[in-house]
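Heads up: the structure comes next, in structure tokens.
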Amino acid sequence: MIREVNLDEISDGKRYSANDLVKADCNDCKGCFECCCDMGSSIILDPYDIAMLSAGLGQSFDQLLQGKIELNLVDGLILPNLVMSKRAQATVMSQMYQNQEDKLKDVPKCNFLNENGRCSIHSFRPGICRLFPLGRVYENHSFQYFLQTQECMKNNRTKIKVKKWIGIPDLKKYEQFVLDWHTMIQEFQKKFGNEPSTDQIRDNNLFLLKTFFQTPYTKEKDFYDQFYERFQNAKQIL
Ligand code: SF4
Ligand code: SF4
């Protein structure tokens, strides 16, 4: 999700690149799961996330829609996000709350949070989860990372290289994909986001959904090759 915020108010004022050290390492979260709770529809998923979730869980996009992810309108575009639910909250063991603030007891939780308060899909969790408490700031056809200072409750975080924190193989390719996807989404949002709903906008939304999410990515083939083939097709309708 694009947020118009004053970075000085929510960050340490620095920008980071993949090789920089950043004070983000929260020591394996150690009993905390706060950022997996009450996130509404804000954990928006991109095609890489969906490809990884599908491969990791052996489920199609439509199967993921049965409780794991949902669709919402984001500035005029239909995009998937992780589901937060009361059902997930009910499965979480009460002993988890020993180290948690009471405020987390009654809030919806991510459906991937397991009974021990850990992420059950850690090795293929979505990009936003990997980043947290980092964010991305997009400027001049590029992006850098920033550290959100008011989001992670652990205050004894240690330094770690950004690329190690994110932990995605072939980070250069991934970063280029993130930038290209972000740019395309923005172009679509600029073109369609503020217009009243029309058949054409609905058709374009359905086209994007089908092209980038619903059509399965073949596990055995390179994700980026598959993505960029679809990307070229989608650019033609811009
Ligand atoms: S708030 Fe910080 S320590 Fe807690 S789960 Fe999130 S990243 Fe980990
Ligand atoms: S996918 Fe994992 S890390 Fe992300 S919100 Fe859900 S439980 Fe937390």
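The values are calculated or read from the model by the stated rules, or taken from the named source; none is laboratory data. These numbers come from a predicted model, not from an experiment. So basically every Cβ, Gly included, is an ideal-geometry build from the backbone, and we count neighbours across all protein chains shown.
Here are the numbers for this structure:
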| read-out | value |
| --- | --- |
| Lone unmet requirement of (1) free of Cβ contacts under 8 Å to residues at least 40 places away in the same chain; (2) in contact with a Cys (Cβ under 6 Å, 6 or more places away or on another chain) for LYS210 | (2) |
| Residue match in the stretch 120-141 (condition: in contact (Cβ under 8 Å) with a residue 12 or more places away in the chain, within 16 Å of ligand 1 (Cβ to nearest atom) and farther than 19 Å from TYR48 by Cα) | yes |
| Filter result for the condition that a residue is under 30 Å from ASN27 (Cβ atoms), surrounded by 11 or more Cβ atoms within 10 Å (Cβ to Cβ), in contact with a helix residue (DSSP H, G or I) (Cβ under 9 Å, 6 or more places away or on another chain) and not polar (S, T, N, Q), over ILE168, ILE237 | ILE168 |
| Tally, over the stretch 1-50, of residues that are closer than 27 Å to SER142 by Cβ and away from ligand 2 (no atom under 15 Å from the Cβ) | 24 |
| Residue count for the stretch 1-59, restricted to those that are within 16 Å of ligand 1 (Cβ to nearest atom) and hydroxyl-bearing (Ser, Thr, Tyr) | 2 |
| One residue from ASP62, ASP49 being out of contact with any strand residue (DSSP E or B) (no Cβ under 7 Å at 6 or more places or on another chain), under 26 Å from GLN176 (Cα atoms) and not in a strand (DSSP E or B) | ASP49 |
| Odd one out for PHE177, checked against (1) more than 16 Å from the chain's Cα centre (by Cα); (2) in contact (Cβ under 8 Å) with a residue 40 or more places away in the chain; (3) surrounded by 13 or more Cβ atoms within 10 Å (Cβ to Cβ) | (1) |
| Residue count, the stretch 11-20 (criterion: part of a strand (DSSP E or B) and either out of contact with any helix residue (DSSP H, G or I) (no Cβ under 8 Å at 6 or more places or on another chain) or of a type in the set (Val, Ile, Thr) (or both)) | 1 |
| Extreme residue, nearest to ligand 2 (Cβ to nearest atom), among residues of the stretch 51-73 that are under 16 Å from the mean Cα position of the chain (by Cα) and of a type in the set (S, T, N, Q) | SER54 |
| Tally, over the stretch 136-158, of residues that are within 15 Å of ligand 2 (Cβ to nearest atom) and under 14 Å from the mean Cα position of the chain (by Cα) | 0 |
| Those residues of the stretch 212-238 which are modelled with pLDDT of 95 or more and closer than 19 Å to ASP75 by Cα, in sequence order | PHE212, PHE213 |
| Selection within the stretch 76-118 - at pLDDT below 90, assigned to a loop (DSSP other than H, G, I, E, B) and buried (at least 19 other Cβ atoms within 10 Å of the Cβ) | VAL92, GLY117 |
| Qualifying residue in the stretch 181-191 (condition: more than 30 Å from TYR16 (Cβ to Cβ) and free of Cβ contacts under 8 Å to residues at least 60 places away in the same chain) | yes |
